[in-house]
Amino acid sequence: MARRIFRNIALVSVLAVLLSAALIVPTLYRAYEESMCTELMQEARIIAGVLQNEGDEASFLQTLPADSRITLIAPDGEVLFDNWADALHMENHARRPEIQQALQNGAGQSTRASDTLSEITLYCALRTNDGKILRIGSTRRSIIGTFVNMLPLIGGMLMGIALLSILIARKAARKIVEPINALDLDHPLENEAYDELAPLLTRMHRQREEIKQHMQALESARAELAAIMANMREGMVLLSQEQTVLSMNESAARIFNIPAERAIGQKLCVVDRSADLAGLTQRCLAGQRCSIDMQRGERQYELFINPVLCESGVRGIVILVLDVTERYAAEKSRREFTANVSHELKTPLTSISGFAEIIRDGIAQPQDIPHFAGMICKESARLIALVNDILELSRLDEKQGLPAWESVSLQPLLGALVQDLSLAAQKKRLNVRLSCEECAVCGDPILLRELFFNLLDNAIKYTPEGGCIDITAAPEGGKIACAVSDSGIGIPAEHLPHIFERFYRVDKSHSRQTGGTGLGLAIVKHIALLHGAQLELSSKEGRGTKISVRFPLSK
Ligand code: ADP
């Protein structure tokens, strides 16, 4: 900027100097020429006046100083005297313009340039009283000569101007630029620099505001997206066309077992080496939507691979990873349950139909008929118990929560239960002890009764004659701790993890003999879950079993 200012200032100055010189020099020169002419004419008049009284004109003129050229010319143009040259050798001057003018008008003047044009001679001619012409000439520098003579001065001036221009330009540039440099571009409207900058600053302010609004909108959209992605249980991976990971949420990072920061910028094959997934992403790049199942450890995932489409085609890929472990497990258990139910129903039905056929075909001896009828009754009862338990389980499966929760006091509930099962216990001469403190559980009294019924029923079934059963219930550590323990046959350690599964029985034949369905503990687990209770099982083969249920305190 300083250079530009310098250039402009220097140019203007040089032009000003040259223009001034071009205007002033001729004007001055003309004025100088005019005054010189007047002076010469004056001189000629004085000399002419003196010449009137002089007898020998040549001698008089010879006495005058030779600064100016003095020539005396006869009316016919013959040179009578010249103080700079020999008059005898001079040509006739009658045709000289100043002489002709003087002969006609009494006075005349003319200028003649020297051969080099650097000098001119100004001639002033005056007609004397006796008709002769007195001419005085003076040689001076011509206008070109004057100009050439002034060149060093003009050059010096130009150099001075150049120097001055540099100084002024530097200062001016600094002064001009200073307020521009000091502009506060963060607050354009608060600047008071130049009025000329006002439109620019206003525009800048407007654009800043627009950019700010856009940035805010973008930022809030980005934050929204980031919040959605961060809080998604599902994994989400965004890939570029080149299958480079552009973004990955925490859930996806957990599923693929790679830190999100490390995955971003990497190719998909670094994140997951599965050839199936790579094949599907290729298909997706061709515009197809695909899905695939994937197993990671014990969890099952379903991947939806969708292309990101825009006008120009596929711009990238979005992979959505859903954890379907629970759904898979539920489907699996439903399949198993159906198979188990069919199997369980088939056994008593086969027995019933077998016994009925024997009676119908008259194969059975009359004395055996009551026995077969008894078997039919027993199997039917088992069938009914089985169907009841299945119905109960599916009823529980459908329950999302308990509709009518109430505070259920455990003392009367457990007391009545012990009473109800006392006959069965007495048959096996079991010592059933109930120790229940005053406490209540929030829940459904019918379901709670069923839970404890199943536990007590099992304890009676799996405890040999003369054994002991203890039922306890008391507040403990912010919970209501209940337990049913027996001194029965116990459960082998390898069966403990499966004991709450549907239709799981340690000893099928013993369970059948006792009328067990294999669903009792599955129902217990379900009811406990509905009541937010925790189940604990401890058992030693041949020593006994203890099943604890810890309910949350009723509010
Ligand atoms: P079941 O109708 O066969 O008793 P459950 O679901 O109630 O079915 O019990 C599952 C299995 O757990 C039983 O078959 C039995 O082998 C075992 N079991 C349950 N409770 C006890 C207990 N108190 N003592 C020993 N084994 C038990």
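Bear in mind these aren't lab numbers, they're just calculated from the coordinates by the rules spelled out. What you see is a predicted model, and the numbers here were worked out from it, not measured in a lab. All Cβ positions, even for glycine, are placed from backbone atoms using ideal geometry, and neighbour counts span all protein chains on display.
Once you treat every alpha carbon in region 438-549 as an equal point and sum by Debye, what is log10 I(q)/I(0) at q = 0.13 Å⁻¹?
-0.47
Take every Cα-Cα distance within region 409-476, group them into 10 Å bins from 0 onward, and report for each bin the whole-number percent of pairs it holds.
Calculated P(r), rounded to whole percents: 21, 54, 23, 3.
Any chance you could give the angle, 0 to 90 degrees and rounded to 10, that helix 275-285 forms with the longest Cα principal axis of the chain?
So the helix axis and the longest Cα principal axis differ by about 50 degrees.
Let me check against my output: what whole-number percent is the relative contact order of the chain, with C-alpha pairs under 8 Å and at least 6 apart?
Numbers: 793 pairs, mean separation 40.2, N = 555.
Over the chain, the number comes to 7 percent.
So which of Lys479/Lys525; Lys428/Lys479; Lys399/Lys479; Lys332/Lys399; Lys332/Lys525 end up more than 28 Å apart by C-alpha?
Distance filter (> 28 Å) returns Lys428/Lys479.
Let me have the relative contact order for region 371-500, percent, based on Cα pairs under 8 Å that are six or more residues apart.
Values: 143 pairs, mean separation 28.7, N = 130.
Relative contact order comes out at 22 percent.
Need one word for region 72-128: rounded, prolate or oblate. Basis is the Cα gyration tensor (sqrt eigenvalues a ≥ b ≥ c); a/c below 1.5 gives rounded, then a/b vs b/c decides.
Oblate, because a/c is 1.5 or more while a/b does not exceed b/c.
Report ³J(HN,Hα) in whole Hz for each residue of region 466-476, in order, from the Karplus equation J = 6.51 cos²θ - 1.76 cosθ + 1.60 where θ = phi - 60°; Gly and Pro get x.
x, x, 10, 10, 10, 10, 10, 8, 6, x, 7
Would you mind checking the radius of gyration and Dmax of the chain based on alpha-carbon positions, in Å?
Rg, Dmax (Cα atoms, Å): 64.9, 208.
Report, by chain and number, residues whose modeled amide H sits under 5 Å from the one on Val308, excluding near sequence neighbours (fewer than 5 apart, same chain).
Distant-sequence amide H within range of Val308: Arg315, Gly316, Ile317, Val318.
Once both axes come from the Cα atoms, what is the angle between helix 325-360 and the longest principal axis of the chain, in degrees from 0 to 90, rounded to 10?
Tilt relative to the chain: about 20 degrees.
Compare the Cα positions of Ile363, Asn340, Tyr328 along the charge dipole of region 309-393 (+1 at Cβ of Lys, Arg; -1 at Cβ of Asp, Glu; about the Cα centre) and return the one farthest towards the positive end.
Final value for the positive-end residue is Tyr328.
For a protection proxy built on the mean count of beta-carbon atoms within 10 angstrom, sort 273-283, 40-50, 443-453 highest first, please. Intermediate results must be reported in sequence, preceding the final value.
On the way: 273-283: 14.1, 40-50: 16.5, 443-453: 19.6.
Ranking, from highest mean packing down: 443-453, 40-50, 273-283.
Where Rh denotes the Kirkwood radius from the mean inverse Cα pair distance, what is Rg over Rh for region 213-261?
That ratio equals 1.05.
Restricting to Cα pairs below 8 Å that are 6+ residues apart, what does the relative contact order work out to for region 459-510? Please round to a whole percent. Provide the component values of the computation, followed by the final result.
Working: 50 pairs, mean separation 15.9, N = 52.
Relative CO of region 459-510 lands at 30 percent.
At what distance in angstrom do the alpha carbon centres of region 282-335 and region 494-555 lie from each other?
38 Å
Provide the per-residue ³J(HN,Hα) series for region 141-156, in order, calculated from phi with Karplus coefficients 6.51, -1.76, 1.60 and θ = phi - 60°, each as a whole number of Hz, with x at glycine and proline positions.
5, 6, 4, 5, x, 4, 5, 4, 5, 7, 3, x, 5, 4, x, x
Relative to the longest principal Cα axis of the chain, at what angle does helix 445-461 sit, 0 to 90 degrees, rounded to 10?
50 degrees
How large is ³J(HN,Hα) for each residue in region 480-491, as worked out from phi by the Karplus curve 6.51 cos²θ - 1.76 cosθ + 1.60 (θ = phi - 60°), to whole Hz, x for Gly and Pro?
With the stated coefficients, region 480-491 comes to 9, 9, 10, 8, 10, 10, 9, 9, x, 6, x, 10 Hz.
Around Arg296, which amide H atoms from residues at least 5 apart in sequence, or from another chain, sit under 5 Å from its own amide H, with H modelled in the peptide plane?
Tyr301
If you split all Cα-Cα distances of region 181-264 into 5 Å bins from zero, what percentages do you get per bin, shortest first?
3, 13, 15, 13, 10, 8, 7, 8, 9, 8, 5, 1, 0
To the nearest 20 Debye, how big is the dipole of the chain about its Cα centre, given +1 on the beta carbon of each Lys and Arg and -1 on that of each Asp and Glu?
The calculation lands at about 2040 debye.
Using the Cα centre as the reference, give the magnitude of the dipole from point charges on the C-beta atoms of region 473-517 (Lys, Arg: +1; Asp, Glu: -1; all else neutral), rounded to the nearest 20 debye.
Charge dipole, region 473-517, about its Cα centre: 200 debye, nearest 20.
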